[in-house]
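Visitor: To start, I am sharing the structure in question, which I have written as structure tokens.
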Amino acid sequence: MQQIVRRGSTSSVRYRWAMMLLASAGGNRVPVIAKLVQADEDTVRDVIHRFNEIGLACLGPRWAGGRPRLLSDDDEDFVVATATTRPTKLGRPFTRWSIRKLAAFLRIVHGRVIRIGREALRCLLARRGVTFQRTKTWKASPDPEREAKLDRIEEVLERFLDRVFAFDEFGPLGIRPTAGSCWAAQGRPERHPATYHRTHGVRYFHGCYSVGDDTLWGV
């Protein structure tokens, strides 16, 4: 305790408790000690009684444990799933979530009300690897069965991943020289002659992607 008082401590509370105990060991009464450290007399008595019970361990911190969690793991999963779902699919008239809009929506979800502040929501999403990004435009399909077809595609992606293949066509591709890179003297790169007449026609690239094998090939 003398070492704590003489050299000081990073904890002001620990320093004051050590002063109380040293003053008590010197024969000072509780009112005198309370005035010395500018503390309540009951606080001084509690520190002295605790020292008599457990010794110097009374100078250690007494953690309260903090407030219990308000959201379970299932609640956090639901928040992440909602944040990564298009607002229009959930009946909201906008294309992307903001923290304010998402927090407000979670408070009115039927059957599962989740109350969470904006900063806590932002930290939760960051911890789960969900970041705020700009949306991209797309052309809406006029097909009235669009949602049903998308649901079937999502079901196949989840249940039969080894049977899913994606096909696409890229073209037309002109057959012409393409600039690349090479090692050369400064300001004197290798040059390829331009083609003024396309004598080899055009080509198309047909690509296929195996979702289950994560393999891309084409002809």
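Readers should treat all values here as calculations from the given coordinates under stated rules, not as data from a laboratory. Small disclaimer: the values here were computed from a predicted structure and weren't measured. Note that we place each Cβ from the backbone using ideal geometry, even for glycine, and neighbour counts take in every protein chain shown.
Visitor: Along the charge dipole of the chain, which of LEU59, VAL164, VAL30 sits closest to the positive end, that is, farthest toward it, with unit charges on the beta carbon of Lys, Arg, Asp and Glu (+1, +1, -1, -1)?
Guide: The residue sitting most towards the positive pole is VAL30.
Visitor: Picking from VAL37, VAL164, VAL156, which is most flexible by a Gaussian network model of the chain using Cα springs under 10 Å?
Guide: Between VAL37, VAL164, VAL156, it is VAL37 that shows the largest mean-square fluctuation.
Visitor: Right, another one. Grab the other residues whose beta carbon is less than 12 angstrom from that of ASP77, score K and R as +1, D and E as -1, and report the net.
Guide: Result for the neighbourhood of ASP77: -2.
Visitor: Next up: If you only keep lysine pairs separated by 8 or more in sequence, or across chains, how many in the chain come under 27 Å at the Cα atoms?
Guide: Lysine pairs meeting both conditions in the chain amount to 8.
Visitor: Which residue fluctuates the most in the chain, going by a Gaussian network model with Cα springs under 10 Å, if the choices are ALA184, ALA81, ALA104?
Guide: Taking springs between Cα atoms under 10 Å, the residue moving most is ALA184.
Visitor: Name the residue from SER72, ILE108, PHE132 whose Cα lies farthest towards the positive end of the charge dipole of the range 61-137, charges +1 on Cβ of Lys and Arg and -1 on Cβ of Asp and Glu.
Guide: Farthest towards the positive end: PHE132.
Visitor: Still on this structure, I have one more. Starting with the fewest neighbours, write out SER141, SER181, SER210 ranked by other beta-carbon atoms found within 10 Å of each beta-carbon. Display every interim value, and only then the final one.
Guide: On the way: SER141 11, SER181 7, SER210 15.
Placing the least packed residue first, the sequence is SER181, SER141, SER210.
Visitor: Would you work out which of GLY187, THR199, SER210 lies farthest towards the positive end of the dipole of the range 76-219, given +1 charges on the beta-carbon of Lys and Arg and -1 on that of Asp and Glu, about the Cα centre?
Guide: The listed residue farthest towards the positive side: GLY187.
Visitor: Same structure, new question: Within the range 71-147, which trypsin sites (Lys or Arg not before Pro) sit in a loop by DSSP and count at most 12 neighbouring Cβ atoms inside 10 Å?
Guide: Loop-located and lightly packed - ARG107, ARG112, ARG115, ARG134, LYS136, LYS139.
Visitor: Could you line up PHE51, PHE78, PHE205 from fewest to most neighbouring Cβ atoms inside 10 Å?
Guide: Fewest-to-most Cβ neighbours within 10 Å comes out as PHE205, PHE78, PHE51.
Visitor: With n ≥ 4 as the cut-off for DSSP H runs, can you work out [θ] at 222 nm for the chain, using -39500 (n - 2.57) per run divided by the number of residues, rounded to the nearest 500?
Guide: -11500 deg cm²/dmol
Visitor: In the calculated pair distance distribution of the chain, what percentage of Cα-Cα distances lie above 20 Å?
Guide: Taking all Cα-Cα pairs of the chain, the fraction more than 20 Å apart is 79 percent.
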